[in-house]
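The values are calculated or read from the model by the stated rules, or taken from the named source; none is laboratory data. Not measured: the values here are computed from a predicted model. Heads up, the Cβs are rebuilt from the backbone with ideal geometry, glycines too, and the neighbour counts pull from every protein chain shown.
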Amino acid sequence: MRCHLCGTILKKYIDLHQQPLANSLLSSPDEQDKVWYSAVWAWCPSCELLQLIDVPPAEVVYTASYPYKSSQSQFMNDHFRKTAQYLYDLYHLGNGKVIEIAVNTGGIIQFLSCTVLGFEPAQACRPDLNSKGIPFHGDVFNNLSARATSSVWGQADLVYCANTLRSLKDLREIFESVLLVLKEDGVFVIEDPYLVNILDRNEWDQFYSENVYGFTVTSMQHIARRYGMELIAVDPLPDNHGGSLRYHMARKGARPVGHIEMMKGMNDEAAIPDKLATFQQVIDDISTKFTVALSQLKRDGKRVVGYGATAKAVTLLNYANIGPDLIECIYDTTAEKWNKFIPGIKIPILSADKFDEDDAHTVILFAYNHRREILSRENKKRQRRWLVYHPGVMYVTD
Ligand code: TMP
């Protein structure tokens, strides 16, 4: 058990047993999950980086039917619009060039007037990108596609990557590829959930097959250094995907470095190993309390459904062994997920259009990172009992 980056022996902290792939939805309840992985996360004391040991190969995770679309959230669309403007002003992009890795349905580049290029291998996103007229590469971002891009399209002033870097095991390949397409004074901007937020908010469902790394300011500094770059700034994004950070990197010495050390201290990153040491207990407590609450509702004859068939829900439901006997179905706005089944425990996913007619007693809010958006919209239609499972199992109203 050695670090994917530096080979140091790791310390195991989180074990969620065997898990199916979070975004490999099943077409029928009789279908068997083809790939299972051992959901164990461990800590590298040298890189100060939490990592998934048994990483499923990218080609089985990111298949043609990969269903995730960031455009399902108005909050995320607004976030990308604001981020585009912020980075445009901050780095004086003018008529410059911007690359977005894993652009999904449009990311920030859909809002930029400069020359842009996206990378997106998921076929489900292609109609969105085409209809918005966004130029994109249908390949994964790697050494090969980066080399071709730098020779044909040129180099970028900004490379942006949101909610994806943590999923890519081979950081060396990614950073080498970024350096190929980045101008000498260009900036690499990354957004990802912040491990401190995940631990402090008990978001243990964030540990799923695509969450290979749990990043912090400290680990990002190690990573940047390793690949000839340095962290120059960090922005907090407390409402994104359960609490994220935005990291700005540049080639070492190319740009002034901002107040980064303060952010590490303020968030007590040095305490992460201590928090990890008790986190399995947190997981087991919440898992038990959640199962007890659902079993009680069943005994009382109350119907329970879910809202938001998130990738995060898959680990939680499989670890706690909660199936359709306890949660009848999960509603979701993503057409690609409708009439499919949650991997492993096989809860059906239904169109959110049908949610309006459902008078279930309790709704589990799996898409808790979109809580404000979903509850403010849905509570206008019907007052619901929304149950969440962190920081603890409880009903929420807004
Ligand atoms: P995410 O937490 O990874 O962004 O996934 C959110 C899931 O919830 C995704 O499948 C889309 C779904 N969703 C809805 O069904 N309705 C909504 O209003 C929002 C914002 C998301």
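Odds and ends about this structure:
- Scanning segment 265-286 for residues that are at pLDDT below 95, part of a helix (DSSP H, G or I) and not small (Gly, Ala, Ser) yields a count of 1.
- Yes/no for residue 301 being under 30 Å from residue 162 (Cβ atoms) and surrounded by fewer than 22 Cβ atoms within 10 Å (Cβ to Cβ): no
- Top-ranked residue in segment 314-331 [being under 17 Å from residue 29 (Cβ atoms) and surrounded by 24 or more Cβ atoms within 10 Å (Cβ to Cβ); ranked as farthest from the ligand (Cβ to nearest atom)]: 318
- Residues that are modelled with pLDDT under 95 and farther than 24 Å from residue 211 by Cβ, drawn from segment 138-171: 138
- Restricting 159, 196 to residues that are touching an Asp or Glu at 6+ places or on another chain (Cβ under 9 Å) and not in a helix (DSSP H, G or I) narrows the list to 159.
- The residues of segment 294-313 that are in a helix (DSSP H, G or I) and either in contact with a Gly (Cβ under 7 Å, 6 or more places away or on another chain) or within 12 Å of the ligand (Cβ to nearest atom) (or both), listed by number, are 311, 312, 313.
- Which numbered condition residue 289 misses (of (1) part of a loop (DSSP other than H, G, I, E, B); (2) more than 14 Å from the ligand (Cβ to nearest atom); (3) surrounded by 14 or more Cβ atoms within 10 Å (Cβ to Cβ); (4) more than 22 Å from the chain's Cα centre (by Cα)): (1)
- Residues of segment 355-398 that turn out to be at pLDDT 95 or above, surrounded by 13 or more Cβ atoms within 10 Å (Cβ to Cβ) and part of a loop (DSSP other than H, G, I, E, B), as a count: 9
- Checked across segment 333-349, the condition of being away from the ligand (no atom under 12 Å from the Cβ), on the phi < 0 side of the Ramachandran plot and not in a loop (DSSP other than H, G, I, E, B) holds for at least one residue.
- Every residue from segment 217-257 that is surrounded by 14 or more Cβ atoms within 10 Å (Cβ to Cβ), among the small types (Gly, Ala, Ser) and more than 28 Å from residue 310 (Cα to Cα): 224, 233, 250, 254
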